[in-house]
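Take a look at the structure set out below.
The values are calculated or read from the model by the stated rules, or taken from the named source; none is laboratory data. Just so it is clear, the structure is predicted and the values come from calculations on it, not from any experiment. All Cβ positions, even for glycine, are placed from backbone atoms using ideal geometry, and neighbour counts span all protein chains on display. To get the accessible areas, we keep the full protein, side chains included, count just its heavy atoms, and leave off ligands, DNA and RNA. Shrake-Rupley method; radii C 1.70, N 1.55, O 1.52, S 1.80 Å.
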Amino acid sequence: MPIWMLLAVFFALLILTGLTVYQSQFDLGNAEIWLSLTIATVKAALVILFFMHLLWDKPLNAIVILGSLIFVALFLGFTLMDAEGYRENLIYKSTVKASQPGAKGDEIDN
Amino acid sequence: MSVADRPIVSPASGEGAAYPEHHFLNHTSGFLSWALTLDHKRIGLMYLVGVMSSFALGGMFALMIRLHLWNFKDGWLSNQTYNQVFTLHGAIMVFLFIIPSIPAALGNFLLPIMLGTKDVAFPRLNLGSFYLWVTGLVLFLTALSITGLDTGWTFYTPYSIETQKGGAVLAATFGVFVLGFSSIFTGLNFIVTINTMRPPGMTWFRMPLFLWATYATSIIQVLATPVLGITVLLLSAERLLGIGIFDPKLNGDPVTFQHFFWFYSHPAVYIMILPAMGIISELMSVHCHKGIFGYRMIAYSSVAIALFGFLVWGHHMFTSGMADVTTIVFSALTFTVSIPSAIKVFNWLGTMYQGTVSLNTPMLYALAFIFLFTIGGLTGLPLGALALDMHMHDTYFVVAHFHYVMMGGTLVAFLGGLFHWWPKMTGKMFNDNVGMISAAIVFVGFNLTFLPQFVLGTRGMPRRYATYLEEFQDLHRLSTIGSLTLGIGLLVALLVLLHSLFYGRRAPTNPWGGATLEWVCSSPPPHDNFATAPTVGDPYDFNGIEYDAKQGGYVKKA
Amino acid sequence: MTAIQETAHESEHAQDHHHDHPAWLAHHFDDAEQQFDAGKLGMWLFLVTEVLFFSGMFCAYSLYRNRDPQVFEFCSRFLNEKLGAINTGVLLFSSLTMAWAVRAAQLKQHKLLVGMLGATLGCAAMFLGVKAVEYSHKWELGLFPGKFYVSQIPGAAHGEHGYLGSLCIVPLILTIIAGVYYIYSLATMSKFHQQVAGPILVAGACFFGGVQLGRILEAEETTHHAAEHAAHEHSPGASHDHSQDHSAGELLPEKEGGEVIALGHKSIEDVKVMSEELKTPDASVNQKSMAGLFFSIYYCMTGVHAVHIIGGMLVITWLIVKAAREEFHDQYFGPVDNVGLYWHLVDFIWIYLFPLLYLIT
Ligand code: HEM
Ligand SMILES: [Cu+2]
């Protein structure tokens, strides 16, 4: 890989890091996490494609690493979906409002 | 087919080569020549000794459980000890025996030879895997000697966080962590070997089905096992540092532990069964002397099982407090995974149809496998059905189900494969008649042990209990008698094999008439397997492979 | 975990070599290309296992952040954004030098290769130095994982516990050894030893450079906060906060570890007064079962990541030895390439960790 390309990628990564630090100073509500995740993903893509040469690598290697993300998605997807679903069956500390005197945390109540 | 005309002969061994002077067993000698070997065949044999010893250890715990349950109360173990015994039984059998059994022992020995290469891609990593396994064993023995490991093989939180002896839990979870990496590296090695090292002519669809099965297994090992790694690592941190991620006392979520655990452990049951299915594909075709029926379907179904296996883990958690939607989704998905398994069973039966069946020890084990695995697989379906499982969960029905697939399936296939490739590995023939007797005793003993457990389960006998209602006593006693019979059968099998080492006649190059590449290597194979890359043909073309009385085995007649 | 590169590329069974097998080609491979492809696929598969390994922690992170966003918001304030950003830059730079090293290996630029690997090693050490400051600072505040978490009290004096010193012991010893080794290499005038000892010694220095940098920035942050804090202490709002948060705290007795806190009883540890600085929409987050959980996740993720950095440093050192022996060339640079892949993955993971942990608003 030519040196200019290495340097260009590096500076792009630095700029994106600056950008993500900068945007974190504003309160963007829910959009914030998605924005910072998007920036992180762009950075990750730069690293993978250029520094890790995936752009020039055998397609098999690309399939291998991208394929693994499907399984990550599966794992996180089902687990989080389920946790969302059963949460209402649980009582735990953070839902205990100060206005509920005597309420106890910890117990799981199905 | 033009492929059929090509002789499958390796220049290394020559046609019907006699017992070789030099082979991998006497290539070098001395303790270090084994302990530091990079030869996949020696590593395979070391694994074989290791996993069989673990099996013996786990088996002793099994017999302790069964003897304890002879009477409905006041068994010979205390309740606390009973809990530890079934935990050790399960954990040793799963992590030290059944997961490494076929891939690491038989797979290591056979994969490069069947593929026609000199070794696996990363021989040192291979040796490293073996030593990780040994480390795992040591950690498990540590947990055993500390005593107090009573969490069940599943290490469910919060119990595993709270149970008395933290040291034992730590040792065991760390052992599982290390064993996981041993398994990962074996899988990784196999994938790379199959992908990059096939010799010319060895296309994907000329690969023996055992290799397809091993390949699919390796995919699961690489994708699922890391999650087990992080799960047990977090669990260790939970015990050591009280991090609370799985601890409800600290607001952690114990159901998540189960998600983590089963994301690995359901695919792991396919790590256990897929290589067994691969063995059966080989055994069926060789001992029926007939090409495998539906080669491609068997190959694809292996990969399909590996992938579908990732979609169903929730069926272990129906009663754990999962959300309703999730239980329904997982229940529905569970049924898909039985399809590829069924495809395989049909294909094996199709292979037997009009075949010239040689009834010998490996074939008897293979037949036992088909019978037992079918029962095991079919009983998985009612368990996967949400409404039924609400009642059957954690009963002896589940115990019987997984013993039918794991023991009736994987172990029996492993034994079949062991007998099948024993002449290749050791260069010695075993006594086939006594071998068949062992198969018969194992089959009878197995069914006697576990069929009653289906009945027990449907009548409401919960698993992992040290005492039970008196009405269950007869069935439990039947099961205990069965387990002793089973033990005798296994002992006979062991004796047959050991006897052959000392008194067996020399094995011919091709004792059963197989067409895959390992049968053109001498028995035992030379150090380098093949001096030059072998000529590769159809692995299931039995044309011209005929019995030669002079050799005492089969030779390829051009 | 680093065995892959070692196994793939070093020749073995010297006695079995075919005459056409050069020393760098293992006997069971046919040619350089097969060896390279095998090593590379092996490394990518290993990275797959790494991705899934970390995914467990990302899963826990999403689960609890989704459940208790306010906890994450509260706790993220204790992470020093500046240090995180600097470490991100350091890691990115090390990725650059690593990628450059691969290029140098291919072009047989042996000196440059050693330099680039040395720079990567130095960055790794610096990263750990900064991390050591971050960790020790948190420990001094009592920001421990899970059940060891100490609820934060504004204005409390946090004594020096010497955590940083303890974290520096091993690097110090290693640096001294590297120094001795370097002197030895000078004395023997061995170019090879100089090429190995030099980068290692520099890396040792970089670690302490990182520590120094971290301390300066952390001190800045602390005085900044202290000033802010002092201003609030005297503001009329403070006393109001006092009563309000106190009562909120009372309803949430901590129960673990036997230290049951009676309602209405002002405990030393948990039910504490909040000031402006620690203000949060929900006073209950400042306790073991809430903030403690965040710090568990924080330590698990960054800790496992740091272990990977240390592993990377070991293999890079191994590469430096090989590079100093001028072993690499256009036919044989697989080890550099594969260690590079590993190193970029470590960077890759940090790219996500940084915004997810440090930049929550
Ligand atoms: C053919 C398709 C299969 C289906 C549909 C299936 C279904 C199930 C279900 C639903 C359960 C949970 C029962 C419960 O805990 O209530 C279960 C448990 C189990 N299955 Fe299967 N199974 C199948 C094949 C296998 C295979 C091939 C193996 C292993 C080689 C296996 C090993 C196990 C084990 C070990 C457990 C119990 C784990 C525990 O709780 O300790 N299963 N199976
Ligand atoms: Cu399952």
Being in contact with a Phe, Trp or Tyr (Cβ under 7 Å, 6 or more places away or on another chain), open to solvent by less than 30 Å² (accessible area, probe 1.4 Å) and in a helix (DSSP H, G or I) is the filter here; which residues of the stretch C:78-93 pass it? C:84, C:87, C:88, C:90, C:91, C:92
If you take the residues in the stretch B:260-272 that are away from every other protein chain (no Cβ under 13 Å) and open to solvent by 10 Å² or more (accessible area, probe 1.4 Å), which one is farthest from ligand 1 (Cβ to nearest atom)? B:270
If a residue must be buried (at least 24 other Cβ atoms within 10 Å of the Cβ) and within 10 Å of chain A (Cβ to nearest Cβ), how many such residues does the stretch C:94-103 contain? 5
From the list B:55, B:72, pick out the single residue that is part of a helix (DSSP H, G or I), touching a helix residue (DSSP H, G or I) at 6+ places or on another chain (Cβ under 8 Å) and farther than 17 Å from residue B:152 by Cα. B:55
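For (1) crowded, with 16+ Cβ neighbours inside 10 Å; (2) not in a helix (DSSP H, G or I); (3) not polar (S, T, N, Q), each residue gets a yes or a no:
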residue	(1), (2), (3)
B:480	yes, no, no
B:492	yes, no, yes
B:495	no, no, yes
B:498	no, no, yes
B:501	no, no, yes
B:515	yes, yes, yes
B:531	no, yes, yes
B:555	yes, yes, yes
Being open to solvent by 10 Å² or more (accessible area, probe 1.4 Å) and aromatic (Phe, Trp, Tyr) is the filter here, so list the residues in the stretch C:104-147 that pass it. C:135, C:139, C:144
Report those helices (runs of 4 or more DSSP H) wholly inside the stretch B:115-228 carrying at least 1 residues which are open to solvent by less than 10 Å² (accessible area, probe 1.4 Å) and either among the hydrophobic types (A, V, I, L, M, F, W, C) or free of Cβ contacts under 8 Å to residues at least 12 places away in the same chain (or both). B:123-146, B:166-196
Filter result (within 9 Å of ligand 1 (Cβ to nearest atom) and open to solvent by less than 20 Å² (accessible area, probe 1.4 Å)) within the stretch B:400-411: B:404, B:409, B:410
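Tally time: how many residues in the stretch A:39-75 are in a helix (DSSP H, G or I) and crowded, with 17+ Cβ neighbours inside 10 Å?
Step one: filter the stretch A:39-75 for residues in a helix (DSSP H, G or I), giving A:39-51, A:59-75.
Next cut, crowded, with 17+ Cβ neighbours inside 10 Å only: A:39-40, A:43-44, A:46-48, A:50-51, A:61, A:64-65, A:68, A:71-72, A:75.
Qualifying residue count, the stretch A:39-75: 16.
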Do the conditions hold for residue A:21, that is, is it under 30 Å from residue B:188 (Cα atoms), among the hydrophobic types (A, V, I, L, M, F, W, C) and at the interface with chain C (Cβ under 10 Å from one of its Cβ atoms)? no
Does the stretch B:515-533 include one or more residues that are under 28 Å from residue B:407 (Cα atoms) and in contact with a helix residue (DSSP H, G or I) (Cβ under 7 Å, 6 or more places away or on another chain)? yes
Would a scan of the stretch B:293-311 turn up a residue that is open to solvent by 10 Å² or more (accessible area, probe 1.4 Å) and within 12 Å of ligand 1 (Cβ to nearest atom)? yes
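Just to verify a result, which residue in the stretch B:316-353, among those that are more than 16 Å from ligand 2 (Cβ to nearest atom), within 14 Å of chain A (Cβ to nearest Cβ) and surrounded by 14 or more Cβ atoms within 10 Å (Cβ to Cβ), is nearest to residue B:267 (Cα to Cα)?
Within the stretch B:316-353, the first condition is being more than 16 Å from ligand 2 (Cβ to nearest atom), and the residues that meet it are B:321, B:323-325, B:328, B:342-353.
Adding the requirement that they be within 14 Å of chain A (Cβ to nearest Cβ) leaves B:321, B:323-325, B:328.
When the remaining residues are screened for being surrounded by 14 or more Cβ atoms within 10 Å (Cβ to Cβ), the result is B:321, B:323, B:328.
Values: B:321: 21, B:323: 22, B:328: 19 Å.
Among them, the one singled out is B:328.
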Residue B:48 vs. criteria over 19 Å from residue B:528 (Cβ atoms) and open to solvent by 30 Å² or more (accessible area, probe 1.4 Å): no
If you check B:292, B:245, B:298, B:279, which single one turns out to be assigned to a loop (DSSP other than H, G, I, E, B) and more than 14 Å from chain C (Cβ to nearest Cβ)? B:292
Among residues belonging to the stretch B:253-274 that are within 18 Å of residue C:147 (Cβ to Cβ) and touching a residue at least 24 places away in the same chain (Cβ under 8 Å), point out the one that is nearest to ligand 2 (Cβ to nearest atom). B:257
With within 18 Å of residue B:373 (Cβ to Cβ), open to solvent by 10 Å² or more (accessible area, probe 1.4 Å) and within 14 Å of ligand 1 (Cβ to nearest atom) as the only criterion, which of B:443, B:454, B:414 stands out? B:454
Give the stretch B:240-254 a look and list any residue that's within 31 Å of the chain's Cα centre (by Cα) and surrounded by fewer than 24 Cβ atoms within 10 Å (Cβ to Cβ), or say none. B:254
Check the stretch B:367-386 and report whether any residue there is away from ligand 2 (no atom under 16 Å from the Cβ) and over 23 Å from residue B:452 (Cα atoms). no
